[in-house]
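The structure appears below as structure tokens.
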Amino acid sequence: MPRLFTALEIPHDAAMSLTLLRGGLPGARWLDAENYHITLRFIGDVEGHVADEFANALDRINRPSFTLELSGVGQFGGKKPHSIWAGVTPKPELVQLQAEIERISQRLRLPADPRKFTPHVSLARLRNSQITDVANYLSTRGNFSTLPFKVKRFVLMSSRDSVGGGPYVIEESWPLDARPIVLNQPSAAARTMP
């Protein structure tokens with residue numbers, strides 16, 4: 001049974017910029033560029049009918065496309081670092097999309113994700129890396145950023161139980177409409193009335 005999660009893909013140019021961050025950190029196992037993504041909601045191992053129900057619920061999401069920019073690097077794990085990541089410049093559209101997916105997950109009673117949503121792109125998994133080495137690595141790459149890129153869709157991805165990141169497979173995708181959503185728009189009949 002695959003592990004499922006919703007995500008945003010990283011376009012080629014941004015992924016190539018991220019690959020420049022590879023190296024220079026003992027104990028790091030770097031993810032391949034084709035596995036870079038921004039996780040929106042981790043779902044986990046679910047039965048096929050639950051995955052289908054979740055995918056059907058995601059069909060109803062109607063959100064506009066938006067731009068994102070990657071900026072800065074950091075680590076998870078505190079004094080025992082276990083991963084290196086590139087940050088995502090916060091955008092309301094990203095937070096709103098993630099919140100809608102979270103509401104769908106809760107309605108379907110999917111297992112809760114105990115982690116707070118922190119948008120990022122995982123770059124490396126760490127094994128026995130010293131905190132001083134990690135601090136030195138981060139200090140020399142803190143000014144990292146990419147050019148803004150357009151987010152045109154979100155995806156449902158799966159991964160097999162493996163060590164580290166990937167390989168990931170896109171199971172389904174949903175477009176983000178290029179037109180902004182207008183709420184409370186009068187109907188055509190109301191607009192033609194005197």
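Values in this text are rule-based calculations from the coordinates and carry no lab data. Bear in mind the structure is a predicted one, so any value in this text is a computation, not a measurement. All Cβ positions, glycine included, derive from the backbone under ideal geometry; neighbour counts span all protein chains shown.
Kindly give Rg over Rh for region 84-136, based on alpha-carbon atoms, with the Kirkwood expression for the hydrodynamic radius.
That ratio is 1.12, to two decimals.
Could you pull out every one of the lysines with an alpha carbon less than 20 Å from that of residue 80, ignoring same-chain neighbours closer than 8 positions?
Result set, ordered by chain and number: 116.
Enumerate the aspartates and glutamates that residue 91 could reach by cross-link, defined here as Cα to Cα under 12 Å, with residues fewer than 8 away along the same chain left out.
List returned: 69.
Counting only DSSP beta bridges with both residues in the chain, tell me the antiparallel percent, nearest 5.
If we restrict to bridges inside the chain, about 95 percent are antiparallel.
Please report, to one decimal in angstroms, the Kirkwood hydrodynamic radius of the chain built from all distinct Cα-Cα pairs.
Roughly 18.3 Å, rounded to one decimal.
At what distance in angstrom do the alpha carbon centres of region 28-73 and region 77-138 lie from each other?
So the separation of the two Cα centres works out to 12 Å.
Please return the longest range in the chain lying between exposed loop sites, taking GluC sites (Glu not before Pro), DSSP loop only, at most 16 other beta-carbon atoms within 10 Å, and leaving the sites out.
70-194
Give the residue from 48, 58, 17 lying farthest towards the positive end of the charge dipole for the chain; charges sit on Cβ (+1 for Lys and Arg, -1 for Asp and Glu) and the dipole is referred to the Cα centre.
17
Pulled fully out, how much extra length does the chain show between residue 115 and residue 59, if you take 0.36 nm times their separation in residues and subtract their Cα-Cα distance?
Gain on extension, residue 115 to residue 59, equals 17.7 nm.
What distance in nm lies between label points placed 7 Å from Cα along the C-beta direction at residue 128 and residue 159?
That separation, rounded to one decimal, is 2.3 nm.
How big, on average over all directions, is the shadow cast by the Cα convex hull of region 49-134, in nm²?
The Cα convex hull of region 49-134, projected and averaged over all directions, gives 7.3 nm².
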